[in-house]
Each structure stands twice: as structure tokens, then as C-alpha cells.
């Protein structure tokens, strides 16, 4: 039996935890789910290299890492996510076409002619409307993807617009594509909502693939929530697991021009250098020593900066002004 479950939650940490928990079990399942505004980072990516942190902070957008590879994606309520969790007859390699075909067929029921393209995308008229990723362990397969129905493409562009000059890393970078919403390809006379679209997908999987409507049990809800707390809501998973990278930034502050260069390993500052024409009372080496070993996160750095007198190293500067240089 293949369970078909529509997740009630819009919390990205809980939804990704639910995927992983069900993947760790023996059942086959198809999930439909949506998130509140969030950037979902690929397993092998450098988080800060994929997000515009200023925009993320301004709009309170969540950032969560998933267990599958691929690039960073933006989720909102105009985007529909689907997951297929199953067991193959034998251990195999990544196979996107097998799991994309039902989605392409469901789109055809709406009169939309989509095609499988490249490594893991679904295109309509040359525009990407779906990106997909997979995780395989022995014979267990987790395939999931986005389906842009009426997503805020302007916001997507803002949150994923990153200065590559600031962060240099060997991590896997996202490949930007021309994207469009599925709704744009529907006949103008068709008043289809996101909920209608999810209904089309649900009907296709039930009628053509024998899925059976199901809900999460109390145990599954509890286990998913526990995993969300221990993993998907933690800084270590979402940011700290980023591969080694270097970060550089400069700005004209009240003390003069300051340039900072950081080397980050396992999400922590392993070394740093400070340059500029600023004036100081104490040697910059003391400042570097104070931040060495600290998480490359705003809260951790602010905690350290508040314990030292920043103005001793950058005359006239307060911690809230200096912190901007670190991100």
C-alpha cells in the first residue's frame, strides 16, 4: 500500500523532519505539503553563499537544510512540494525520470504540456516550473520536488541573490534557471487555485498509482517533531554543516574603512584578518583572538562583541555597526 498524505503543517523544519522520519521506516508514501516563506538549502551547499541574509532577516524567512543534494530553492504558499518515499527492489542509482513522469502526466490533465529536462527539472515552454532532488540509502528512496504554481518570483529572486565576491567555497552552488509559475500556462478562463492544483495531483496519484488516503499517526507526529527540534531547527544543521569557506567584506564605518576576512570551518571562525585605515587603541590581533572559534552566526558574534569594548579596536564604533561586516 502506498499512503497518500497531505501535511497540515506549513513549518519547513517539521515537514522536512516528517520526510526523513518516514524515509527511515518501511512504508511507501506520497506527501503533498507547503511551507511558509523559506529557503531550503541542499545537503552539500554553503548556506551563506546561497542566501541574501539581509533580505532573509528583513522578512523573517526561514532557512532550513534538507538531506537531499541539489540547489537552494525558495518556498512559499504559492509553491507545492511533493515527496515520494519508497523501497526499490534492488539498490540503485539516482533516477529522476521515473518519479517525474506522474507529475508530468498530472499537469497534462490541466492541459499543460511539460517535459523532463536536464538532470532534474520539469520545463514548460522552456521555463523551469519544478526542481527535484533525491536521497538513496540502500534500497530506500526519497524523491521530492517543488512545483511553482503561483509563487512570488520577485521574492525568490531577492532571497537567492547573493554576492559571490563575499563568499568563496568549493561547495555545490545553485544553478539559476529561467523560472515561471504553472498558473501562467493555464487558459485565462481557468480559475484554478493552489488548492485545486493540489487536488489534481492527489486525484492522479490515487486513481493511477493506487495510493490510499492516510494521515500521520500520533507516534509519527511526535517522532517528526522531536527530529525537527534536534536537527532541522538547529543552527548546526542549517548553517554549521556548511563546507569550509572564506568570507570577506568591507565598509566605511565611523572609524574609517574596515575590511574583514574570515576562514570558516564547520561553521566556526577558524581564523580572521582585519585591515583598513581605521584608528584603534588596542591591537587588532586581540580582536581577532576574541572572535576565533566563534560560530559564524549573528547571535554568537554579538554575544562576543558585547563582552569586549569594540571601540578599543575600532574607535567610535559600536557592536551593532560592526556586526554588519560579518555577513
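The values are calculated or read from the model by the stated rules, or taken from the named source; none is laboratory data. Computed from a prediction, not measured in an experiment: that's the story for all the values here. For neighbour counting, all protein chains shown are included, and Cβ atoms are generated from backbone atoms with ideal geometry for every residue, glycine included.
Per-structure values
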| quantity | calculated |
| --- | --- |
| Residues of segment 213-240 that turn out to be free of Cβ contacts under 8 Å to residues at least 60 places away in the same chain, closer than 26 Å to residue 269 by Cβ and surrounded by 15 or more Cβ atoms within 10 Å (Cβ to Cβ), as a count | 2 |
| Residue within segment 225-237 that is assigned to a helix (DSSP H, G or I), modelled with pLDDT under 95 and out of contact with any strand residue (DSSP E or B) (no Cβ under 8 Å at 6 or more places or on another chain) present | yes |
| Odd one out for residue 70, checked against (1) farther than 20 Å from residue 200 by Cα; (2) assigned to a loop (DSSP other than H, G, I, E, B); (3) touching a strand residue (DSSP E or B) at 6+ places or on another chain (Cβ under 6 Å); (4) at pLDDT 90 or above | (4) |
| Flag if residue 5 is touching a strand residue (DSSP E or B) at 6+ places or on another chain (Cβ under 8 Å) and within 10 Å of residue 83 (Cβ to Cβ) | yes |
| Residue identified as farther than 28 Å from residue 238 by Cα and in contact (Cβ under 8 Å) with a residue 12 or more places away in the chain among 281, 294 | 281 |
| Residue tally, condition outside any helix (DSSP H, G or I), touching a strand residue (DSSP E or B) at 6+ places or on another chain (Cβ under 8 Å) and at negative phi, over segment 193-224 | 6 |
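Yes or no, residue by residue, for (1) in contact with a helix residue (DSSP H, G or I) (Cβ under 8 Å, 6 or more places away or on another chain); (2) under 28 Å from residue 48 (Cβ atoms); (3) part of a loop (DSSP other than H, G, I, E, B):
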site: 122; (1), (2), (3): yes, no, no
site: 130; (1), (2), (3): yes, yes, no
site: 134; (1), (2), (3): yes, yes, no
site: 143; (1), (2), (3): yes, yes, no
site: 156; (1), (2), (3): no, yes, no
